[in-house]
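**Q** Before I ask anything, let me first share the structure, which is written out below as structure tokens.
Values in this text are rule-based calculations from the coordinates and carry no lab data. The model shown is predicted, which means the values in this text are computed figures rather than measured ones. Here the Cβ is made from the backbone with ideal geometry for all residues, glycine too, and neighbour counts use every protein chain on show.
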Amino acid sequence: MNNHLKLRGLTAAAFAASAMFAAQPAAADVIEINNFWAGSGAANIQYTGTDWHDGSKVSGLNEYGGSGGFKTYDLTTDPNRLNPFQTFCVDIFHSFSFAVDSNDTLRPATIISTTAAAELGQLYTNHHADIDSTGSSGEKESAFQLAVWEIVNEKGSTLSLTDGAFKASGTGGSLAQTWLNELMGSVSPSAYSASIWTVQSMLTTGHGYAQDLVTFSPIQTPVPEPETYAMMLVGLGLLGLTARRKNQHQV
């Protein structure tokens, strides 16, 4: 375990600050994670599930460590580290150290379940304002992290930090459960969608694994084609002509 992040297997994930969407990395960019984004907390996690998407298997995982978002840079587009963005841990099986430069590649969000991807998008839609600011509290930062872990790693149908294959407790646990309760049942339309970045070479030397990061981007409203505008104008013109004719008949 490293001194910065003691939880074995905690990776970074979830690009947060909405102002930094333009800085999201492209394939093969170099990523640096070098500190907590704002406040942070401590958490205990227990996991009894097996067979995560990358083939990781455990019969039992019980770890303790820091929880919260991380300050992250895309050094390919931002070599002077002027535009940090926030990331959160997703993969609980691999450890890493801060300030490690890493190449990344884009993968579909469907490496996690479709339901989990939708719930992550809704979680961020509901509460990104709580964790975007570098003045965010340790309780909120840790709560968001706990909620992300539960969504991604839970094998059952209930998002509960105290039941199921994945369990967690610690700073912000009660707040995290409140946020998770909002997601139970049908997920409301989200303003953000999730995708996965796989960051290479972030692990301790000698391990060939990759870290998986969930990123969020605004769901764009389709812009009508010029032909659509033309048809709308024609329709409005016809409506106007019809109304004028009716008025003429009434005179």
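**Q** What is the gain in length, in nm to one decimal, between Ser113 and Thr77 on full extension, counting 0.36 nm per residue of separation less the C-alpha to C-alpha distance?
**A** Length difference between fully extended and current span is 9.9 nm.
**Q** Given labels modelled 7 Å from the Cα in the Cβ direction, how far is it in nm from Ser160 to Asn181?
**A** Those two pseudo-labels are separated by 1.3 nm.
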